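Working notes, structure below.
The values are calculated or read from the model by the stated rules, or taken from the named source; none is laboratory data. In this text, all values refer to a predicted model and were calculated from it rather than measured experimentally. Neighbour counts are summed over all protein chains in view; Cβ atoms, including those assigned to glycine, are modelled from backbone coordinates with ideal geometry.
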Amino acid sequence: MIRVLHVLGGLDLGGAESRVMDLYRRMDRNKIQFDFCIHMRKNCYFEVEIAKLGGRVFRVPRYKIYNTGAYKAAWRKLLEEHPEISIVHGHMTSTAGIYLPIAREYGKIAIAHARSAGVDPGLKGLLTKLLRKGLLDKTDYCLACSELAGEAVFGAGFHDAPHAEVLPNAIDSESFLFDSAIRGTLRKELLFDPEDVVIGHIGRFHYAKNHEFLIRVFAKVHGALPQSRLLLVGDGPLREKMENLASSLGISGSCLFVGAQTDPMPFYQAMDIFVFPSRYEGLPGSVIEAQVSGLPCLISDAIAKEVDATPLVTRLPLSAGEDAWAAHILKWASEWGGVIDREDHVEEIKKAGLDCREQAKLISSFYTGVLEKEKGKQ
């Protein structure tokens, strides 16, 4: 059996975590088993399921620069105690330049996986860029969820490196098919009127997602269309600030903050339009899920092109401004007319390589292939 150690910040309901779990559930676990290393002490959402699937969760301290020695020591201890681990697959690239070279010291195959096409503002972002410097040369293989993410994390050399390739994020597409019964039930629970136009967004309240822009755009939409509602699914450090912004704009009564959801599928059904004005992204699964659900999607042009799997996606630059975004939404709303019969776009998603069933086969072959290749070198 091949044991692969996936390295993440945590194991809660984040994008990277959810994408890895989608693959894990569909692996032949008699041949390939996943373990996880995270950087937090608290128990996380996916830990119970991981244990049921036969995986283990290890912990190392959160990296804080001054504890570099302790961080390296924790990794050496982990890898020394678990020689059965063959591959270390690092989705947390901010410190991959530290732990992946250590993995190579212990004879593990080291994989860095770029999942984002940007960094946080300020000192934290600068430090992340510094820590990622030279990562392309510190690993055995480099994967990226999109061309944008690959270049952002590994540099321009990513495109020509023989050990680098794009592996798009993938979802369980059939789980997000439109269901009018679910739509009706949830809209009643959320106290939406049948004629309400529901503008939706699913994502963590974080700088990258640009919720402030979204809320200001909605304020303009609501001024012209009082029957509009904004449905925000997710949690995060900026949620309270965004709730206060909605209140200051006088639209809090039409903005619904429902928090993070273990099953986002019903919320897509309740929406009529999906708006995603991110400052940067790797390859957002939520936009793929929204397309399967048949939602027209208005996204920023900063998002990787690989997400455009269907004709439902329209791009606008953030520089176009709030008025232009609001005008586009209002045009859609005027054409919507209450029609909720949505087309099935699953085959388009699968054809674009964005379905996790096929990707589970691809990643299984990848793991098997790289191990055989390394054995051939010995």
What do you reckon, is Ala164 closer than 22 Å to Cys297 by Cβ, more than 15 Å from the chain's Cα centre (by Cα) and either not assigned by TED's automatic domain parsing to the domain that holds Ile65 or not hydroxyl-bearing (Ser, Thr, Tyr) (or both)? no
For residues in the range 293-312 being of a type in the set (Ser, Thr, Tyr) and out of contact with any Asp or Glu (no Cβ under 6 Å at 6 or more places or on another chain), which is surrounded by the fewest Cβ atoms within 10 Å (Cβ to Cβ)? Ser300
Restricting attention to the range 331-352, does a residue exist that is within 17 Å of Ser278 (Cβ to Cβ), touching a residue at least 60 places away in the same chain (Cβ under 8 Å) and surrounded by 16 or more Cβ atoms within 10 Å (Cβ to Cβ)? no
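Can you give me the number of residues within the range 127-141 that are assigned to a helix (DSSP H, G or I) and closer than 19 Å to Tyr71 by Cβ?
7
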For a quick check of your reading of the model, give me the residue pairs whose first member lies in the range 89-111 and is under 16 Å from Arg59 (Cα atoms) and not assigned by TED's automatic domain parsing to the domain that holds Cys142, whose second is assigned to a helix (DSSP H, G or I) and not basic (Lys, Arg), with beta-carbon atoms closer than 8 Å and at least 6 apart or on different chains. none
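Looking at Leu231, Leu256, Leu245, which one is more than 20 Å from the chain's Cα centre (by Cα) and touching a residue at least 40 places away in the same chain (Cβ under 8 Å)?
Residue meeting the stated conditions: Leu256.
Mind checking which residues of the range 161-189 are among the small types (Gly, Ala, Ser), surrounded by 13 or more Cβ atoms within 10 Å (Cβ to Cβ) and out of contact with any Cys (no Cβ under 7 Å at 6 or more places or on another chain)? Break it down stepwise before answering.
The initial filter retains those residues of the range 161-189 that are among the small types (Gly, Ala, Ser), namely 161, 164, 170, 173, 175, 180-181, 184.
Checking which are surrounded by 13 or more Cβ atoms within 10 Å (Cβ to Cβ) leaves us with 161, 164, 170, 173, 175, 184.
Selection gives Ser173, Ser175, Gly184.
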Could you check the range 270-296 and list, in sequence order, the residues that are under 19 Å from Gln227 (Cβ atoms) and of a type outside the set (Asp, Glu)? Ala270, Met271, Ile273, Phe274, Val275, Leu295, Pro296
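From the list Val60, Val153, Val48, Val88, which residue is in contact with a Ser or Thr (Cβ under 7 Å, 6 or more places away or on another chain) and under 23 Å from Gly10 (Cβ atoms)?
On inspection, the qualifying residue turns out to be Val153.
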Just the residues that are within 22 Å of Asp22 (Cβ to Cβ), part of a helix (DSSP H, G or I) and not β-branched (Val, Ile, Thr), please, taken from the range 257-304. Met265, Pro266, Phe267, Tyr268, Gln269, Gly285, Ser286, Glu289, Ala290, Gln291
Filter result for the condition that a residue is over 20 Å from Gly353 (Cα atoms) and assigned to a loop (DSSP other than H, G, I, E, B), over Gly200, Gly118: Gly118
Residue, nearest to Asp235 (Cα to Cα), within the range 15-62, restricted to residues that are under 20 Å from the mean Cα position of the chain (by Cα), in a helix (DSSP H, G or I) and of a type in the set (A, V, I, L, M): Ala16
Please go through the range 70-100 and give me each residue that is more than 15 Å from Phe36 (Cβ to Cβ) and in a loop (DSSP other than H, G, I, E, B), ordered by number. Pro83, Thr93, Ser94, Thr95
Looking only at the range 131-160, and only at residues there that are surrounded by fewer than 17 Cβ atoms within 10 Å (Cβ to Cβ) and touching a Leu at 6+ places or on another chain (Cβ under 9 Å), the one that is farthest from Lys373 (Cα to Cα): Gly155
So Ala181 ticks every box in (1) touching a residue at least 40 places away in the same chain (Cβ under 8 Å); (2) of a type in the set (A, V, I, L, M); (3) assigned to a helix (DSSP H, G or I) but one. Which box is left unticked? (1)
Could you tell me whether Ala208 is assigned to a helix (DSSP H, G or I), out of contact with any His (no Cβ under 9 Å at 6 or more places or on another chain) and within 26 Å of Gly150 (Cβ to Cβ)? yes
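Does Ala324 fit the bill of being within 21 Å of Arg229 (Cα to Cα), without any contact (Cβ under 8 Å) to a residue 12 or more places away in the chain and touching a Leu at 6+ places or on another chain (Cβ under 7 Å)?
For Ala324, the condition - within 21 Å of Arg229 (Cα to Cα), without any contact (Cβ under 8 Å) to a residue 12 or more places away in the chain and touching a Leu at 6+ places or on another chain (Cβ under 7 Å) - is met.
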